[in-house]
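Have a look at the structure below before the remarks.
Just so you know, all these numbers are worked out from the coordinates, no wet-lab data involved. All values reported here derive from a predicted model rather than from experimental measurement. All Cβ positions, glycine included, derive from the backbone under ideal geometry; neighbour counts span all protein chains shown.
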Amino acid sequence: MPLVNIKDMLQHAYDNQYAVGAFDLINLDFLQGILQAAEEMQAPVILSLAESHFEHFDFDLLMPAVESAARRASIPVAIHFDHGHSFDSAVKAIRLGCNSIMVDASESSLNDNIEITKKIVSMSHGCGIAVEGELGYVPGVEGEDAKHHPGEICYTTVEDAKTYLENTHIDFLAVSIGTVHGRLQGKANLDFQRLKEINQELGIPLVIHGGTGLDDEQFKQLIQNGVAKINYYTALADVAAQQIKHNSSSSEKISYTDNMKGVTAAIANEVMHCIKLWGSAKKAGEVLAYCQPWKSVEHLIIYNVEGINSTSAKEMITEGYTILSSIPGVRSIFVGETIKKEAQYQYTWLVRFCHPSVIDTYREHPEHVAFADNLFRPVAGNRISIDYLELPV
Ligand code: 13P
């Protein structure tokens, strides 16, 4: 089960001066290419899904594939929600299986950024999930040319970074020191002195957005100054597009599958190039040994109802299902009734939590307390409740 806690993964990278690639994916070609490369290089890897890319894929549909690919990998993997723009989208990403969250309120004022980030950090930490915040503004849109970049670079200052960390308790900080998202025009002018000072002041893993187009020496200096996670997308999309263009130019009548030939391999090659450059190759074993494995919890309740008929029992169950499903950290709920009427307990709730931390936050969540006190416990006196931690099999 090589899905691991990203907090440990990035701490290892930070302490050992290398960076883990966070590769944004938009479909199965990207997912397979990224993981093939990481397996080949025996490198830890972050599978990243950006809210800004939702026009390109169905998040609900892609996430089960991402999670099962991560779980069957032999190398350590984290699943990251990139550029999350709201509390609700972060809750949904966790429900779908992301075990790392980015809040991007970097276009807001410092105070507003702090307020928005604080709320998401508190919710995510309650789910055992680390959070990346962004301060300053990295302009641009992944996958587009620099000329489309909206807005100017707004550099992260050391004082703001310190205030932001103290007030939000984020785990990682994305800094703005001269990179842009998407294709560059010319060479990026990176402010390494600023990065060095932020790193000395904060002492937490730093993140670079807009990895596409930076040169080898720039990557080296970023990593020397505290960058432990590098976000990368446009170059992967470009090699995929070049491969398709090459395929389609080779013959007049060409099928879909002929057009797509070699796309996964082209993405994998680009990812391998990054992994070599950023120093994460051959680190998989060490990182796996260092990281907490990411395990879910099954919260089981078996019970009988008394004082209400079966129609009212089913209304109570339906209402509970709706209320409890929306609590942060709840991944799914199974409600059931016994097949054999003589069974000792007639009904069950099986509530899957993303992480053991959710046991407490769920119990104390006001929506859970209200449902349990007003609707459930008064009619379900006869019950057993047990939390089971997932076993690796
Ligand atoms: P590029 O598309 O410039 O590589 O940036 C990716 C990124 O920062 C995603 O968050």
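Among rounded, prolate and oblate, which fits region 68-107 when a ≥ b ≥ c are the square roots of the eigenvalues of its C-alpha gyration tensor, a/c under 1.5 means rounded, and a/b larger than b/c means prolate? Verdict is oblate for region 68-107.
Applying both filters, DSSP loop and at most 16 other Cβ atoms within 10 Å, to the GluC sites (Glu not before Pro) of region 19-100 gives GLU55. Each residue of region 169-179 was assigned a 3J(HN,Hα) from its phi angle through the Karplus curve 6.51 cos²θ - 1.76 cosθ + 1.60 (θ = phi - 60°); the sequence is 6, 4, 9, 9, 10, 7, 10, 10, 10, x, 7 Hz, with glycine and proline shown as x.
Taken about its Cα centre, the chain carries a charge dipole of roughly 960 debye when the Cβ of each Lys and Arg holds +1 and the Cβ of each Asp and Glu holds -1. Distant-in-sequence amide contacts of VAL175, defined by a placed amide H-H separation under 5 Å and a gap of 5 or more residues or a different chain, comprise VAL207, HIS209.
Structural size metrics of region 326-393, computed from C-alpha coordinates, are Rg and Dmax of 13.5, 39 Å. Dipole of the chain computed with +1 at Lys/Arg Cβ and -1 at Asp/Glu Cβ about the Cα centre; of LEU375, VAL138, ALA289, farthest Cα towards the positive end is ALA289. For chymotrypsin sites (Phe, Trp or Tyr not before Pro), the sites in region 301-358 that DSSP calls loop and that have at most 16 other Cβ atoms within 10 Å are TYR345. Computed from backbone phi, the HN-Hα couplings of region 344-350 come to 5, 10, 8, 10, 9, 10, 10 Hz, rounded to whole numbers (Karplus: 6.51 cos²θ - 1.76 cosθ + 1.60, θ = phi - 60°; Gly and Pro given as x). Note on the chain: dipole from Cβ charges, positive end direction compared against HIS85, ALA174, ALA266; the farthest Cα belongs to ALA266. With the simple spin-label model, which puts each label point 7 Å out from Cα in the Cβ direction, the ASN382 to VAL158 separation comes to 6.9 nm. Placing unit charges on the Cβ atoms only, positive for Lys and Arg and negative for Asp and Glu, gives region 110-193 a dipole magnitude near 120 debye about its Cα centre.
Computed log10 I(q)/I(0) for region 27-113 at 0.25 Å⁻¹: -1.25, from the Debye equation with unit scatterers placed on every C-alpha and solvent omitted. Between GLN292 and GLU40, the modelled labels are 3.4 nm apart [label points 7 Å from Cα along Cα→Cβ]. Phi angles across region 284-294 convert, under the Karplus curve 6.51 cos²θ - 1.76 cosθ + 1.60 with θ = phi - 60°, into 3J(HN,Hα) values of 4, x, 4, 5, 4, 5, 7, 8, 5, x, 8 Hz, Gly and Pro given as x. Computed over the chain, the per-residue total of -39500 (n - 2.57) for DSSP H runs of n ≥ 4 gives a 222 nm mean residue ellipticity of -13000 deg cm²/dmol, rounded to 500. Once the mean of 1/r is taken over each pair of separate Cα atoms and inverted, region 264-312 shows a Kirkwood hydrodynamic radius of 16.2 Å. Restricting region 1-99 to chymotrypsin sites (Phe, Trp or Tyr not before Pro) that sit in a DSSP loop and have at most 14 other Cβ atoms within 10 Å of their own Cβ leaves PHE54. Note on region 56-166: with charges restricted to the Cβ of Lys and Arg (+1) and Asp and Glu (-1), its dipole about the Cα centre is near 580 debye.
The convex hull defined by the C-alpha atoms of region 97-178 has an orientation-averaged projected area of 5.8 nm². When all alpha carbon pairs of region 199-296 are counted in 5 Å bins from zero, the resulting P(r) reads 2, 11, 16, 16, 15, 14, 10, 7, 5, 3, 1, 0 %. Rg/Rh, computed from the Cα trace of the chain with Rh as the Kirkwood radius, has the value 1.03. Near SER326, no amide H atom lies under 5 Å from its own; only residues 5 or more places off or on other chains count, and H is placed 1.01 Å from N.
Net length available on complete extension from HIS169 to GLU337 is 56.2 nm, with 0.36 nm assigned per residue and the Cα-Cα distance removed.
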